[in-house]
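Below you'll find the structure, written out as structure tokens, and then a few comments.
The values are calculated or read from the model by the stated rules, or taken from the named source; none is laboratory data. Fair warning: this is a prediction, and the values are worked out from it, not measured in the lab. Neighbour counts are summed over all protein chains in view; Cβ atoms, including those assigned to glycine, are modelled from backbone coordinates with ideal geometry. SASA here: full protein model, heavy atoms, side chains in, ligands and nucleic acids out. Shrake-Rupley method; radii C 1.70, N 1.55, O 1.52, S 1.80 Å.
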Amino acid sequence: MRQNPKQIISCLKQYFKHLFFQKKPQAEVLTHTDEEEESNRYIPLIREIIEFILKKRSISYHDFAPVLLDGGDAEPVLLAAKLLGPDLNRLIILTDRPAYFTEYTDNMYEEHGLIAEVFPKDPQKMAELFAGASGGTVILDFEKTRERTGAIKFGKLIYLPIYKKKWESAGNLDIAVPIGYNTMIVRVSETVKKQPYLDKFEKAFYENE
């Protein structure tokens, strides 16, 4: 089931507002190249990317259970959670700042009946979750270092490093998405092209400001 376009636009407006207008101390401002290395411009396409991967792995969206590992910037995590949340039976967020996601969990329960679970992001909790995880569990790792996840064994679970490995255009509508130690070529639909997709929502954001 596809999400309401208005909900998607609302999520992306918040994300782009955070991305382009957050104030940073001068000493922390990155160069253009550094920003590209620190970001993942395909996050707004995460739902379509995940649906493609699940289809290739013969996993229904009904059985899909994402685990989001919060990283240095919570806004991309929140965007992914908002895009993935509708139609799910389970979604888990592992974080050091649970209060940040309180509004999201409340809204998901009220609007979709989903009880989004938020747990502390510690190695023991991660090991427990992943050891008993179902085949539909997909780990979306938003961390940029291996400080927390270096010793964690993901086994046969689908593991997507959002920042630790580069996501790249593979030509036309294809995206090279790292999954564990491998890479899958993911094709997005003709109506949701990569850069034009971002431009469209950026345009919607500015027009509604």
Inset, instruction - Go through the stretch 147-201 and give me each residue that's modelled with pLDDT under 90 and not in a loop (DSSP other than H, G, I, E, B). - result: Lys194, Gln195, Pro196, Tyr197, Leu198, Asp199, Lys200, Phe201
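Being farther than 13 Å from Ala81 by Cα and either surrounded by 13 or more Cβ atoms within 10 Å (Cβ to Cβ) or at pLDDT below 90 (or both) is the filter here; which residues of the stretch 113-124 pass it?
Phe119, Lys121, Asp122, Pro123, Gln124
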Legend entry - Within the stretch 83-112, considering residues that are more than 14 Å from Asp70 (Cβ to Cβ) and open to solvent by less than 30 Å² (accessible area, probe 1.4 Å), the one farthest from the chain's Cα centre (by Cα): Met108
Inset, instruction - Taking Asp141 as meeting all but one of (1) under 20 Å from Ile185 (Cα atoms); (2) under 18 Å from the mean Cα position of the chain (by Cα); (3) without any contact (Cβ under 8 Å) to a residue 24 or more places away in the chain, write down the number of the exception. - result: (3)
Inset, instruction - Could you figure out which of (1) open to solvent by 60 Å² or more (accessible area, probe 1.4 Å); (2) part of a loop (DSSP other than H, G, I, E, B); (3) touching a helix residue (DSSP H, G or I) at 6+ places or on another chain (Cβ under 8 Å) isn't true of Gly71? - result: (1)
